[in-house]
Amino acid sequence: MDFEPSYMALVDSGEIDERIEKLYASLEKCEICPRKCGVNRLQGEMGYCKADANLVVSSAQPHFWEEAPLVGLGGSGTVFLSNCNLRCVYCQNSEISHGGEGVSMTPEQLADSMLYLQRVGCHNINLVTPTHYTPQLVRSIAIAARKGLRLPVVYNCSGYESVETLKLLDGIIDIYMPDMKYGDVESAKLYSDAPDYVEVSKDAVREMHAQVGDLVIEMDIAWHGLLIRHLLLPNERAGSLKVLEFIANEISKDSYVNIMFQYRPSYEAFEFKEISRPPFVEEYNVVLDMARGLGLHRGFPNL
């Protein structure tokens, strides 16, 4: 399949450089994410995410445990970013997301890592927890594209995104892969310290879908579009029905939805009795039946 990533048009026209300038300007009084901390990250100040202007990367390597359309035979070229704008009590990568473990990299160095992932046969560049580093990542993409990068870019995020920032990513990101963690406001507040998560994530996913549409898969590989993840929590604590109703009724019944059954209590989850165990198979089957009943049909049945 002949494929040219979305960002090439903006690279060729030079518009991507204007986007980078606008994104970096947002760091002066940071409003990159919905928390809008207002700190000057360009001067070394840190907001809620504990990141300044320096890009910190935990790892960049082929990954074979993502969704099948991302992995193929060559793997997904995952770039795990350090720090996060959420504080999920059950985070499985707390050392990276909360503790900031990783190494400082320049956009030029990360661009070279992206080119390495392309050379070893990965099918995409998968930016994991990218939100707070959006300006630096777009700069890396531009540098890599001018050196020959031609892989689709995956924006693999928590769903807690600023629509204003997403608009600056229009035409740069090929595949959006947001979590929709919660349909319940109280759970979002209690487990992720984000009482506005439900409405923020809905607005973000609407914008993502408007930009890229439903997921396009050719020859078993995803090239463009929206892929939504929803992690099942025990005791209905994720508000799964409300999440699925939103996707089916307000996004698209053709949405590719990964309903994940991998929750295991970790980090601080044992302090919350209702999420201190894995979900039961019966709970998972109920959520799958909900999805099918709403007309959703892509993604989850193949797990």
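Values in this text are rule-based calculations from the coordinates and carry no lab data. The model shown is predicted, which means the values in this text are computed figures rather than measured ones. Glycine gets a Cβ as well: all are built from the backbone with ideal geometry, and neighbour counts include every protein chain shown.
Overview of results
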| read-out | value |
| --- | --- |
| Cβ-derived FRET efficiency at R0 22 Å, Phe280 paired with Gln92, nearest 0.05 | 0.70 |
| Mean separation of Cα contacts under 8 Å (6+ apart) over length of the chain, as relative contact order % | 16 percent |
| Cα-centred dipole magnitude for segment 89-246, charges only on beta-carbon of K, R (+1) and D, E (-1), debye, nearest 20 | 440 debye |
| Leu117, Leu294 arranged by Cβ crowding within 10 Å, fewest neighbours leading | Leu294, Leu117 |
| Difference of contour (0.36 nm per residue) and Cα-Cα distance, Ala210 to Glu18 | 66.9 nm |
| Inter-site label distance for Gln43 and Asn235 at 7 Å from Cα along Cβ, in nm | 4.5 nm |
| Residue-averaged [θ]222 nm for the chain, counting only DSSP H segments that reach four residues, each worth -39500 (n - 2.57) | -9500 deg cm²/dmol |
| Cβ-based net charge around Ser276, under 12 Å, with every Lys or Arg adding one and every Asp or Glu removing one | +1 |
| Dipole magnitude of the chain, debye to nearest 20 (Cβ charges: Lys/Arg +1, Asp/Glu -1, about Cα centre) | 360 debye |
| Rotationally averaged projected area of segment 171-227 (alpha carbon convex hull; nm²) | 4.4 nm² |
| Listed residue (Thr165, Ala194, Val243) projecting farthest to the positive dipole end of the chain, Cβ model | Ala194 |
| Distance from segment 114-134 to segment 1-52 (C-alpha centre basis), Å | 16 Å |
| Pairwise FRET efficiency - Ser104 versus Lys167, Cβ, R0 = 45 Å, nearest 0.05 | 0.95 |
| Sites Met8 and Lys50 - FRET efficiency at Förster radius 30 Å, r taken between beta-carbons, to 0.05 | 0.35 |
| Relative counts (whole %) of C-alpha pair distances in segment 7-302, using bins that are 5 Å wide | 1, 6, 12, 16, 19, 18, 14, 8, 4, 1, 0 |
| Distance between segment 170-224 and segment 254-278 - C-alpha centres, whole angstrom | 18 Å |
| Dipole axis of the chain (+1 Lys, Arg; -1 Asp, Glu on Cβ), positive-most option in Tyr155, Ser255, Ala9 | Tyr155 |
| Antiparallel %, DSSP beta bridges [both residues in the chain], to 5 | 35 percent |
| Note, ³J(HN,Hα) from phi for segment 187-202, Karplus 6.51, -1.76, 1.60, rounded to Hz, x at Gly and Pro | 5, 4, 5, 6, 9, 10, 6, 9, x, 9, 4, 4, 6, 4, 5, 4 |
